[in-house]
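Shown next, in structure tokens, is the structure this report addresses.
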């Protein structure tokens, strides 16, 4: 079964994308068991892929149809095998998609205008495809759960790769850090609060709009994209508790008192409420840190560095005791990329840390230095260089884990293919004449050799 990057990305978004475009014709082009495939399922996903600049092959519709058939077969089998997908899981995914669309388009009213449906109809139409996707994923996992890979198989896989097709890797690093955020002095704390009190007064008096003030003065890094607007749901867990509880308690149009979160000070205005969801706009002010605060934090980290070098404390223990970085307890102080990997290419690091790393050898700790994090918060950090690879052509010694992961995926893919060839005849499948000549579909519907 040929796999394409664009197919994977678009296919996984099936439950969402088809709902955001008005459909002209609902022609049925496929039937799998009691489930149908609509022409709009194919057309909307192809349009979505084009809008994201995916490179589409000439037979993209064939491979997309194949994926939809596969998905429905797997979902049907998952139901037969009573694989667990709870209503709570499905509803949580529906809620997440709705919030995503509201943040993308600005309000539920805009979504209703785009789709031609009420937000409740929109939710109802999303529910079944999301459940189908979860069932299919559960069945996939069951089919390949016992597939393992041996070192000999990894080598055999690698040896088949043409030498001129081997990947070239940029420098990769594993980095740990201990971060201390200095506390602002009382004067700066009070100054930030007074600024926000004045903004609150202006909004309540009607002399300034919250959106304008947020765009001009908020120190939330996302303000340029969203003007301080967020959609919260009562089931959310990722928000700062004080911010979340204050936002959920507001009435429409109400502006909160000044509150303090782990990010700084805020005022929050409730824009609208819809059942379990509330749309708010906020302004964040971060109390300024002065030079004396920075020097105190540098001294603290310097004493920790001396202990690390002397071996009187382990890095993980130091992170646990002294780091103020919230994610440290999950990563042991290691920096990770957006995919959660602790092996990071140098192009994904912030530019300020690169000169520090250039002076370090693996196993060494940097001198503590001031920096500004992604949220615009000033802190002091000490960097620990765990490992560093030089730019190189892919090889088994340096890149075994990556090669093994690809080899394992290929082996799982073959197992899935065998499962479809063996079991496809047990499913009732009908497809439109347009797709009967697709080799991708023939591959999964052919009868197994006897």
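FYI, it's all coordinate maths here, none of it is from the lab. Predicted, not measured: the structure shown is a model, and the values here were computed from it. Reconstructed Cβ throughout: ideal geometry from the backbone, glycine too, with neighbour counts over all protein chains shown.
At-a-glance table
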quantity: Global form of the chain, assessed from the alpha-carbon gyration tensor, a/c cut-off 1.5; calculated: oblate
quantity: Label-point gap, in nm, between residue 306 and residue 410 - each point 7 angstrom along Cα→Cβ; calculated: 5.5
quantity: FRET efficiency for residue 401 and residue 54, using Cβ-Cβ distance with R0 set to 22 Å, rounded to 0.05; calculated: 0.20
quantity: Most mobile of 405, 60, 297 in a GNM of the chain (Cα contacts under 10 Å); calculated: 405
quantity: Value of relative contact order over the chain, rounded to a whole percent, pairs C-alpha under 8 Å and six or more apart; calculated: 22
quantity: Angle between the chain longest axis and helix 396-423 axis [Cα atoms, degrees, rounded to 10]; calculated: 40
quantity: Calculated FRET efficiency for the pair residue 331/residue 367, C-beta based, R₀ 22 Å, to 0.05; calculated: 0.50
quantity: Nearest 10 degrees, 0 to 90: helix 39-51 Cα axis against the chain principal axis; calculated: 40
quantity: Extension gain from residue 161 to residue 96, taking 0.36 nm per residue of separation minus the Cα-Cα distance; calculated: 19.4 nm
quantity: Pair residue 296, residue 251: separation of 7 Å Cα→Cβ label points (nm); calculated: 4.2
quantity: Potential extension, residue 430-residue 393 segment - 0.36 nm per residue separation minus Cα distance; calculated: 8.6 nm
quantity: Over the chain: helical MRE at 222 nm, DSSP H runs n ≥ 4 each giving -39500 (n - 2.57), nearest 500; calculated: -15500 deg cm²/dmol
quantity: Extended-chain gain in nm, criterion 0.36 nm per residue less alpha-carbon gap, residue 189 and residue 82; calculated: 32.9 nm
quantity: For the stretch 43-152: rounded, prolate or oblate by the Cα gyration tensor [a/c cutoff 1.5]; calculated: oblate
quantity: Principal-axis tilt of helix 119-144 within the chain, Cα atoms, nearest 10 degrees; calculated: 70
quantity: Bridge type composition, the chain - antiparallel percent by DSSP, nearest 5; calculated: 100
quantity: Spin-label pair residue 423/residue 345, simplified geometry with 7 Å Cα→Cβ offset, distance in nm; calculated: 3.7
quantity: Sites residue 226 and residue 272 - FRET efficiency at Förster radius 22 Å, r taken between beta-carbons, to 0.05; calculated: 0.90
quantity: Gyration tensor (alpha-carbon) shape descriptor, the stretch 111-187, a/c threshold 1.5; calculated: oblate
